[in-house]
Structures are given as C-alpha cells and as structure tokens.
1. Residue by residue through region 354-373, note down the ones that are farther than 26 Å from I288 by Cβ and touching a residue at least 12 places away in the same chain (Cβ under 8 Å).
2. What number goes with the only condition from (1) in a loop (DSSP other than H, G, I, E, B); (2) at pLDDT below 95 that E197 does not pass?
3. Give region 342-358 a look and list any residue that's of a type outside the set (V, I, T) and out of contact with any strand residue (DSSP E or B) (no Cβ under 6 Å at 6 or more places or on another chain), or say none.
4. When you scan region 196-217, how many residues do you find that are within 14 Å of the chain's Cα centre (by Cα) and without any contact (Cβ under 8 Å) to a residue 60 or more places away in the chain?
5. Restricting to region 251-282, name every residue that is polar (S, T, N, Q) and either at pLDDT below 95 or not in a loop (DSSP other than H, G, I, E, B) (or both).
6. Can you tell me how many residues within region 388-404 are within 27 Å of the chain's Cα centre (by Cα) and free of Cβ contacts under 8 Å to residues at least 60 places away in the same chain?
7. Among L348, L407, L420, which is the only one that is touching a residue at least 24 places away in the same chain (Cβ under 8 Å) and under 26 Å from K466 (Cβ atoms)?
8. Within region 338-375, can you find the residues that are among the acidic types (D, E) and at pLDDT 85 or above?
Amino acid sequence: MMKDVYANSSINICASAAADSSEASFQRRDLSMLSPLDWTGLLDCDDIESELGPLPAYLQRIKFKLVNTSMYESDLSNAPLNLRAWVFQERILSRRHLYMTCNQLWWECRGMCACEVFPAGIPDRLDPSRTDTDEGYRVQYYALGGHRHHSIDNGAALDSSSAGQRKRVTQGELARHAPFSGPSEVDMYELWNRLVERYSQCNITYSSDKLPALSGLAKSFSILQGSGFALNGQSYLAGVWRPYLPEALYWKPKPPLRGDVPFGRNRPHPYRAPSWSWSSVESPVEWINSGQFTEPACRVEDAKVLHLDERYEAGMVKGGILHLRSRLIGPFTYEESPLMNLTPSPALDSRVRVALCSAEKECVTCWDERDFDSQKWCISYLDPLPDTVHEDGILNGTETVRKTVSLEASAKDPRIRLFLVPLFQRWGFAGVILCQVVVDETDLECADDKAVFQRVGSFAYMEIEKKVLDLIPERTIAII
C-alpha cells in the first residue's frame, strides 16, 4: 500500500532535519554560510616561462569559489529523516523530492539535483549519481526508473537505444546519467547489494520491521527484473534473491569507521530471518569481494522461506532453510590466537588438517556477532530445535530460544561444533562458518543427514591448494 502511495505521488515533501514529529520542518540557519566564498589567489610565476616575457599582474591572479564539497552527504544522506529505515524506500520510490534540511532547501528528481546554493543543478563532483558510493547507487536506481510507472513514456527510461533516449529527452525524462544497457545481471546484483548496504545502516524502532520496511523496494525490483525474481518464498528469501546465490551469501557485518569505538552486534530474539540472510543481524552489512576466488565451490540444491502471513510476500518470515551441496570441513574448536583462532579436530583427515594448519597465517575470519559490554566476539544459536526443522525450517512460534555464548565459552561446550563450508575457490577458498548444536553428546564426531547448521561468520583461506578440498567428500548441508 505505502509503496503505491509514494510511487504514484507527484512530489514528496520531506522535513529532513527533523528527528521526529515533535521537531519543526524549518530550521534556524545562517544564510551567510550558504553562499560560496569568493577567494583570490596569486599564481607562483617563478617556474613559468613565456616567450613574451613575464606574465602581466592580472594573469597572475586566480579567482576561486570555495564550497562545501560534502554538502549533499551532510544535508541529505546523513539527515535524521534519511537515517530511518522506513524512509529509505520512500525516498527511492518517489518521483520528486523537496527536502527541508538544516541548511537549505534541496530538490531532487530523475532529471536534476539542485539546492539554494546551486539552483541550476549541483556540479558533477557533488552529484552522488556520478560517484561509486552507496548514495550513488541509490541515485542510480532512482535514475534508472526503479518502478516502471515512474516513466512518463511507460518504460522508455530503460530503453538505451538512440530512439529511446531521444524520446526521453523530448518528453523531459532525461535522467541524471545514462541508464544501464540492459540492464545486465551483474549491474543489478551489484545495485541490490549497495542498496541493502545503505539500508542496513538505517535505524529501525521495531526489529520485526526489518523486512517489511524494505518490501516496497523489493516489489519494485521484482517488476524491474522480471522472470526469476518473483516475490514468493522460493525467489525472494528474506532480503536475498535466489538468482544471486551463492554470491549473496558472502556478506559480513560492517565495523565502525573508527577502530577505537566500542560496538556490538547481534541476532535478535524472537526469530526474524534465516542465519544465512543479512537481515538476520542487527548491524550494517557489506558484501565481501570474492576477488581471487572465481570458481564456485558449492551448488544450491534448494532454498525457501515461509512467510508469517502469506498475503505479504515480502514481509516477516517464520522460517527458512537453505540446502547447499558442498564440503563440510571440520569440526573446529575456537582458541584465542592472533591467527585464525580455529583448530581442526583430530577426526578431520590428517592431510587436510596439516594443510589447514600450515596455511593458518593466510586465513581471515569474520564473526557475525559481538557483545557490546565485554567487547568480545560471540556466537548465538537457536536451541532446542523443532524435530521437523530440517524439512521446513520453521522456527518462529516454536519453543526454541536464542542462546548467546562467547567464543571462549563455546570452546568449552562439547555440544557446540564449528565447521567451514566453501562457497568459492581457486587460489584458496572462501565461505561461511557454521555452528551445529549436537543433541546427542555421545555422537560428537559426525553430522548425520538430518543435521542442521546455523551461520556464525565468514572466512577466507588465501593460499591453499585446490586438491585439499578434493580430499573431502561433498554432501548436502542444511542451513537455517
């Protein structure tokens, strides 16, 4: 409903500087701080040679206009209103915006971004659509015509032909930059990831709204992509598109820019999303560049989520399960170490164990959760699991609870086992770290066909021979 309201509105008037409804739309401001500062400098002519002799004095004087090059970011991107999760999709889906910010009025539409300082349009270097940033990807989607009925000519915005471009120009629909040609799958995959990265930085009052607050954008993306991107429990998987698997599994929580700032991140309770989805974590996320790992090391056999209310195809979910065909490497135990922190079990093939230990200096691990009070890495898992979870993945509404333990404590609990599952390979391999909670403590060294796993982190081995993986048989791995 709200998606259609914003997508069909003529203009969206935004009180961007207001943190909530109690604050004023118009802010007090110093107008003298808005205008560009005129400054004249002198050119150093000592090293300048001229056939006509010394440069005259008037040519040695250079005039500049000094402006705040981060005004878009400070006025709009980081405005209180635009840091709210529900506003994210509203801002993208609307055709035109008039922003009332703390410093000036801004205008943004598919054809122009302007402000009081630059009423004819901001310079290219200040325009986020010209930059390879999170905000640039947001504007890129906006300029692309994320929702088809944004376009006056009902679709010409996506037509990269000469005729299509001419039609867009004559009908006033020239976007701030040319649309993708296609657009290609790679472009759209990258675009969705960047939009999610930006969205994950936004604040949300109710944890359960994480997926509903993105549902409008998901529906528009589904229309734009067409076949294979239906909004159902088989294609749209709690914020992850099935055609983008397994690449879409290789994400990690994003640490704060300053390394000395205390931070924490966790998976909320009650259940919100499968552990393999970015939406399961209360944290900004980013996708890891697989770089040298160019070959797939797994195959998706099946993936599904079940919605809490089937009438809302992109809303809250009550469960989800992913079946990967790959190699289950482990179990491992955690040890405090400046290196990879994971020690392979004696039950692992000795040749694999030796290779892993020899390459531990080239291994990078990233844990999904961190306790804010102790500032220690931790893992969380759902326990006890329903007997049918390996079949349907349903967890919401069951007696299962989320338990959190530090990595040090997990090493002392024989029921908690850690495994590595490769997603990509070539000069090494990379993938996800999984946790299994063993029910029968007498059977700690094997994982039967009904075993289910929960994601707790990601890893990458930079240097290890491919033949090491070949020593481990493939199996189907169920992740909830």
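1. Just the residues of region 354-373 that are farther than 26 Å from I288 by Cβ, to begin with: 354, 373.
Within region 354-373, D373 is the sole residue that qualifies.
2. So E197 meets the others, but not (1).
3. Taking region 342-358 and keeping what is of a type outside the set (V, I, T), we get 342, 344-351, 353, 355-358.
Passing the criteria: P346, A347, L348, D349, S350, R351, A355, C357, S358.
4. 0
5. Within region 251-282, the first condition is being polar (S, T, N, Q), and the residues that meet it are 266, 275, 277, 279-280.
N266, S279, S280, listed by residue number.
6. Total meeting the criteria: 1.
7. Numbers: L348 fails: touching a residue at least 24 places away in the same chain (Cβ under 8 Å); L407 fails: under 26 Å from K466 (Cβ atoms).
None of the others qualify; the one that does is L420.
8. Here is the first cut: in region 338-375, the residues among the acidic types (D, E) are 349, 360, 362, 368-369, 371, 373.
Answer for region 338-375, where residues must be among the acidic types (D, E) and at pLDDT 85 or above: D349, D368, E369, D371, D373.
The values are calculated or read from the model by the stated rules, or taken from the named source; none is laboratory data. Bear in mind the structure is a predicted one, so any value in this text is a computation, not a measurement. Using ideal geometry, Cβ is built from the backbone for each residue, glycine included, and neighbour counts are taken over all protein chains shown.
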